[in-house]
Structures are given as structure tokens and as C-alpha cells.
1. Just for the chain, what percent of DSSP beta bridges are antiparallel, to the closest 5?
2. For GLN198 paired with ALA36, estimate the spin-label separation in nm (one decimal), with each label point 7 Å from Cα along the Cα-to-Cβ line.
3. How would THR133, THR3 line up by accessible area, probe 1.4 Å, largest first?
4. Long-range amide H contacts for ILE82: which residues qualify at under 5 Å (H placed 1.01 Å from N, peptide plane, sequence gap of 5 or more or a different chain)?
5. Quick one: order LYS137, LYS2, LYS148, LYS204 from most to least accessible surface, probe 1.4 Å.
6. With a 1.4 Å probe and every protein chain kept in, tell me what percent of the accessible surface of region 85-219 is carbon plus sulfur.
7. Set the bar at 29 Å for Cα to Cα. Now go through LYS106/LYS148; LYS2/LYS51; LYS51/LYS148; LYS51/LYS95; LYS72/LYS204; LYS72/LYS95 and name every pair that lies beyond it.
8. Please work out how much accessible surface TRP182 shows to a 1.4 Å probe, ignoring ligands, DNA and RNA, in Å² rounded to 10.
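The values are calculated or read from the model by the stated rules, or taken from the named source; none is laboratory data. Worth saying up front: this structure is predicted, and the values here are computed from it rather than measured. Cβ placement follows ideal geometry from the backbone for every residue including glycine, while neighbour counts extend to all protein chains displayed. SASA here: full protein model, heavy atoms, side chains in, ligands and nucleic acids out. Shrake-Rupley method; radii C 1.70, N 1.55, O 1.52, S 1.80 Å.
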Amino acid sequence: MKTYTHLVFDIDGTLLNTEMAVLHSLQWALQQHGIARSVEQLRFALGIPGKDALVRFDLDHPEQVLRQWDAKYIEYLQEGTIFDGIVPLLQTLRKHRVACGVITSKTQIELAQDFQALGLQPYFDVIITADDTQKHKPDGEPMRMYLKRSGAEAAETIYIGDADYDLQCAHHAGCDSALAVWGRSDRPSTQPTWTLHQVSDVLKLAGLDWDCLDRTSNQ
């Protein structure tokens, strides 16, 4: 497996298990405006900015629905957890001075609601949110912004995510991608460079092995 100097992570479905919190809160917000959809019908909304998801519905006031969705999401956050093994992984990568970043479709406000609140932000040197670019995943602009801010080369950078949009974002920017299988049960239509079956597999991307893993954390 190729070794990379910059590991860039998606958040939802990769670092955080927030899928149900996102979908149930969106389902509730739409119901307030007379739109009934099953959770399965709303899965398209995972991994893209909320305002982009809402344009698919006939809403008179999408900005109001977005506010309601965000507010309800906070209530549902108890459904969201850090995936097992993520904290020891990040501690190990930090210990070995591996550059780590984040590219997310969350806004800065949304980032603070869960990611920062769970204490994950200090592990990452560069974080690109939906507020930082005009275009979003699957476009390559978020990754190009990461490369610009970090000073990394595309050839030494890999994006780790659970969704087609993550893989496409990486490819459009000339970067490799890795599919986080622990974050999804089905296969994406986009072919990743690598497939990671468990969290500890990320270590291989940095040229590390299982023996390096920091197991002092309870998570």
C-alpha cells in the first residue's frame, strides 16, 4: 500500500456515526412543512451541504427549514457517537507527526455542534468546511483548498470517506481516495483507490502498523 504524508478525513460516516441524527432531524423538519419521506428516501442528503439537499424539495422557505433541521439535529445528537477506534487512531497519528485534515460539507456552525463539542478538532491541522469554498463535494474545490492551505502535494494526499461524493472530490482534485467501510453497509458507485475495512487500517496509509496504535484511550 502506498504511503501518504497527508491524511484527510470526512466527518459524518467516517469519524462520527451521525447518520441517524442527520436523517431523523431532516425527516422531522420536512414533516413540519407537509413533506413525508422515509429515512431511506433521504439518504441522498448524507455528505452534502444542507442547503443543497433542500433544493430537491418544493419549499417556499428553505432557509426556515434549514434552521429547523439544524435545531432538531442538536436534539438528536445523542444518536451520534465517535466510531470505535477513532480516538486511538488520531492519537497515534498525532504522536507520529502525520499531518491530518478534514474536509466536510458542514458549515462552521454545524461543525461546532458535534465535531468540536466531542473534542476532535485539536487532532487536525487544516479543516475545510462548506463556508470555505464556492463549490462543494463532489467537486474537487474543497480538496484543492486543502492542498493550498496545507501546502501538500496531491500525490501525497489521500481523502478518507464513506460516500461517493468523498471519493469523487478526491479524484477531481487529482488525489487518491480510501473508502471507510465501517461507515456504510453498501458499496459506492465510485471506485476508491483503497478500501479500509476497519479503523486501524488507516495506519497503513501512513506507513504505520497495528503495533503503533495507541490503546490508552477508552474509545
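1. Bridges in the chain that DSSP calls antiparallel: roughly 10 percent.
2. Label-label distance for GLN198 and ALA36, simple model: 4.4 nm.
3. Heavy-atom accessible area, descending, gives THR3, THR133.
4. ASN17
5. LYS148, LYS204, LYS2, LYS137
6. Looking at region 85-219 in its full context, I get 47 percent from C and S.
7. In this structure, LYS2/LYS51; LYS51/LYS95; LYS72/LYS204; LYS72/LYS95 exceed 29 Å between Cα atoms.
8. Its heavy atoms expose roughly 50 Å² to the probe.
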